[in-house]
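Quick notes on the structure that follows.
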Amino acid sequence: MSGNSLSQSIAPELPLLRRYARALTGSQNRGDHLVRATLEIILEAPNEFRLDRGARAALYHIFHRIWSTAGNPGLREVLPGGTLPDERAALGSLGALVTLERQVLLLMAMEGFSSSETAFILGLEESEVLDQLKRAQAALNDQIHTDVLIIEDEPIIGLDIRSIVSELGHNVTGIATTLSEAVTLARHNPPGLVLADIQLRDGTSGIDAVNSILSDAQVPVIFITAYPERLLTGLRPEPTFLITKPFLDEAVKVAISQALFFRREARPAA
């Protein structure tokens, strides 16, 4: 495959791989670092990029080869420019924390891969993927219950999100439609999680609303947008958790579970 055709196959899939990598690691920096490593591997060994399985599945497959080495001593040779020991250790511990069940759930519910594609990506039998999916779905409600602020200017979408959040056992503190309303609600009842649209009713930005909220307290945020590519360039500070409109209920549930998972793991030991 020529360099140009390889680039043309990969480029449209990169924003979604960045989204997945950030959700998997809970960090823009860690996720983007692993995406860069994936691209370097493909450039060094283009014949390993198996287009017979589809460009997107092939890209995620090589990404997971990098991810699976995260706890190994040879990671310095795999990642571009090597990594510091503490970064390698952090990635290794993440690999242990983010179980196979969570990886399967993210790939299928949030990224939309089929069970056969997920099996290829992870190097598993399809039957094992389906077994892991059942376990992950059964454990989906086993998470921290918290207060959730929704920032969404479309009433029907706001109510849909409220229903999904409530079904998981969380308490919705309010649905804000503007920046000022969101900030006021957050100050009166500080949320443990924020789900935010990007463009709000009065022309203000959900990103600005979130930044104002985060100036008072650090809470996990999930952005919901019809234009994810605008926030997945890797060129500036960007969201770690991002859902694309129109969304599936399961994708929202998985994103909430993953965001709260990293919030729980970040808490100091008692």
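The values are calculated or read from the model by the stated rules, or taken from the named source; none is laboratory data. Keep in mind that what you see is a predicted model, and the values were worked out from it rather than measured. Reconstructed Cβ throughout: ideal geometry from the backbone, glycine too, with neighbour counts over all protein chains shown.
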Seminar exercise, completed: Thr178: passes all of (1) buried (at least 20 other Cβ atoms within 10 Å of the Cβ); (2) over 23 Å from Glu250 (Cα atoms); (3) modelled with pLDDT of 90 or more but (1)
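Working carefully through the options Ala255, Ala196, find the one that is modelled with pLDDT of 90 or more, surrounded by 18 or more Cβ atoms within 10 Å (Cβ to Cβ) and in a helix (DSSP H, G or I).
Answer to the selection: Ala255.
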Exercise. If we keep just the residues of the range 144-170 that are among the aliphatic types (A, V, I, L, M) and in a loop (DSSP other than H, G, I, E, B), which is modelled with the lowest pLDDT?
Worked result: Ile144
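For residues in the range 22-45 being in a helix (DSSP H, G or I) and small (Gly, Ala, Ser), which is farthest from Pro239 (Cα to Cα)?
The qualifying residue farthest from Pro239 (Cα to Cα) is Ala37.
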Problem set entry | Tally, over the range 97-117, of residues that are out of contact with any Asp or Glu (no Cβ under 7 Å at 6 or more places or on another chain), surrounded by 19 or more Cβ atoms within 10 Å (Cβ to Cβ) and under 15 Å from Ala23 (Cβ atoms) | 11
Problem set entry | Selection count, the range 217-252, where residues are out of contact with any strand residue (DSSP E or B) (no Cβ under 9 Å at 6 or more places or on another chain), of a type outside the set (A, V, I, L, M, F, W, C) and at pLDDT 85 or above | 4
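Checking the structure you have, find out if any residue of the range 59-67 is at pLDDT 90 or above and farther than 22 Å from Phe241 by Cβ.
Step one: list which residues in the range 59-67 are at pLDDT 90 or above, which gives 59-64.
From what's left, farther than 22 Å from Phe241 by Cβ: 61-62.
Yes, some residue in the range 59-67 is at pLDDT 90 or above and farther than 22 Å from Phe241 by Cβ.
Among the residues of the range 24-42, how many are closer than 17 Å to Pro12 by Cβ and of a type in the set (A, V, I, L, M)?
Count: 3.
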For this session: Pairs only if they're at least six apart or on different chains, beta carbon under 8 angstrom, first in the range 101-114 and in contact (Cβ under 8 Å) with a residue 40 or more places away in the chain and assigned to a loop (DSSP other than H, G, I, E, B), second β-branched (Val, Ile, Thr) and buried (at least 22 other Cβ atoms within 10 Å of the Cβ); list them, first residue then second.
Result: Phe113/Ile121
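So which of Leu100, Leu106, Leu51 is over 21 Å from the mean Cα position of the chain (by Cα) and either at pLDDT 80 or above or closer than 26 Å to Leu130 by Cα (or both)?
Leu51
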Seminar exercise, completed: Of (1) in contact with a helix residue (DSSP H, G or I) (Cβ under 7 Å, 6 or more places away or on another chain); (2) modelled with pLDDT under 90; (3) surrounded by 13 or more Cβ atoms within 10 Å (Cβ to Cβ), Ser212 satisfies every one except (2)
For this session: Tell me which of these Ala139 doesn't satisfy, since it passes every other one: (1) at pLDDT below 95; (2) surrounded by 21 or more Cβ atoms within 10 Å (Cβ to Cβ).
Result: (2)
